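Heads up: the structure comes next, in structure tokens.
Every number here is computed from the coordinates shown, using simple stated rules; none is lab data. These figures come from a predicted structure and were not determined experimentally. Heads up, the Cβs are rebuilt from the backbone with ideal geometry, glycines too, and the neighbour counts pull from every protein chain shown.
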């Protein structure tokens, strides 16, 4: 194992959810494994086709890559990422799914000798904290993040990179109201991040994983799918200077249409979730951890400071 610093701190607390009612009126106790596809097309495969009047793609124009000028801005921000007191801190911000997934990244990164040993991964994501709660500047979430940073031997002034993944608990509004509400919360969270972390250079965002197996009202389909538009609109707000602060881009896009999957072959099976159909299982977190690790090792705006082989 190299000198990469990993801090799995604090007790993991999962979002408490009530079981959805089965058709018989009895509470369900297992994921809805028959819902293997919604028929929705992943944003990365939708391209210039539309979903409820909105083009696909991760970035405007139906593309999955940022415009060259915006990528150049990200590359410029990436050049400013360098060890502070010997460490380059990457912090996760988000909910229960995010903490499970980021900790999978941490476990996988621990044995990877291609990662810059200055990288310090700190998990700031926590259960019970959805986008609406985290978007409150005085929320206890932020003092808990500070404690995790202190326990890792770093400070808010050391944080240079954030991975942000959030959702709204119990979202049931139709599109685009659901995505617009999440986008508003994400914008507020970015503003809080900008104030709290003065050396923050880069924010990477991801939307939800497939929610078709869910038996709880936490974040089922199509809200999970729609959250991709909230992230895209957040990035577009930054591109169009309606939002100031660090450069914002996509992290890995996590949604796929269940077993039907997407063009790159990524699928999400029922064994990838726990009995509630929403929280990722050990298999699911390992999948997302691999996507995160590959992203940080290969993205043009990350590989120069994250990887030794860039």
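The alpha carbon gyration tensor of the range 253-294 gives principal lengths a ≥ b ≥ c with a/c of 1.5 or higher and a/b no greater than b/c, which makes the shape oblate.
Length gained on full extension, residue 143 to residue 85: 18.6 nm, using 0.36 nm per residue less the C-alpha separation.
How would you rank 261-272, 180-191, highest first, on the average number of other Cβ atoms within 10 Å across their residues? All intermediate terms of the calculation are to be shown ahead of the outcome.
Values: 261-272: 16.0, 180-191: 20.7.
Descending packing order for the listed peptides: 180-191, 261-272.
Put a dot 7 Å past the Cα of residue 263, heading toward its Cβ, do the same for residue 68, and the two dots end up 2.2 nm apart. In terms of its C-alpha gyration tensor, the range 76-128 has an oblate overall shape, because the principal axis ratio a/c (a ≥ b ≥ c, square roots of the eigenvalues) is not below 1.5 and a/b does not outweigh b/c.
If packing is taken as the average count of other Cβ atoms within 10 Å, what order do 290-299, 216-225, 68-77 fall into, highest mean first?
On the way: 290-299: 18.8, 216-225: 22.8, 68-77: 14.7.
Descending mean neighbour count gives 216-225, 290-299, 68-77.
Between residue 244 and residue 309, the modelled labels are 4.1 nm apart [label points 7 Å from Cα along Cα→Cβ].
Specify whether the C-alpha gyration tensor of the range 142-187 places it in the rounded, prolate or oblate class, a ≥ b ≥ c being the square roots of the eigenvalues: rounded for a/c under 1.5, otherwise prolate if a/b is larger than b/c and oblate if not. It is prolate, given that a/c is not under 1.5 and a/b is the larger ratio.
Axis of helix 96-110 versus longest Cα principal axis of the chain: the two differ by about 50°, to the nearest ten degrees.
Note on the range 273-310 and the range 71-102: Cα centroid distance 13 Å, given to the nearest whole angstrom. Across the range 131-228 the C-alpha pair distances fall into 5 Å bins from zero in the proportions 2, 13, 20, 22, 17, 12, 9, 4, 1 percent. Annotation: the range 65-200 has a Kirkwood hydrodynamic radius of 16.1 angstrom, from the mean reciprocal C-alpha pair distance.
Over the chain, DSSP H runs of length four or greater, each weighted -39,500 (n - 2.57), average out per residue to a 222 nm ellipticity of -10500 deg cm²/dmol.
The reciprocal of the average 1/r between distinct C-alpha atoms defines the Kirkwood hydrodynamic radius, which for the chain equals 19.5 Å. Restricting to the chain, compute how many DSSP beta bridges are antiparallel as a %, nearest 5. DSSP beta bridges in the chain are roughly 25 percent antiparallel. Let me know the whole percent of all Cα-Cα pairs from the range 37-90 that are separated by more than 14 Å. Considering the range 37-90, 65 percent of its Cα-Cα pairs are separated by more than 14 Å. Projected onto planes of every orientation and averaged, the convex hull of the alpha-carbon atoms in the range 181-310 covers 9.1 nm². Pairwise inverse Cα distances across the range 183-252, averaged and inverted, put the Kirkwood hydrodynamic radius at 13.0 Å. Size descriptors for the range 109-157, from the alpha-carbon set: Rg then Dmax equal 13.6, 39 Å.
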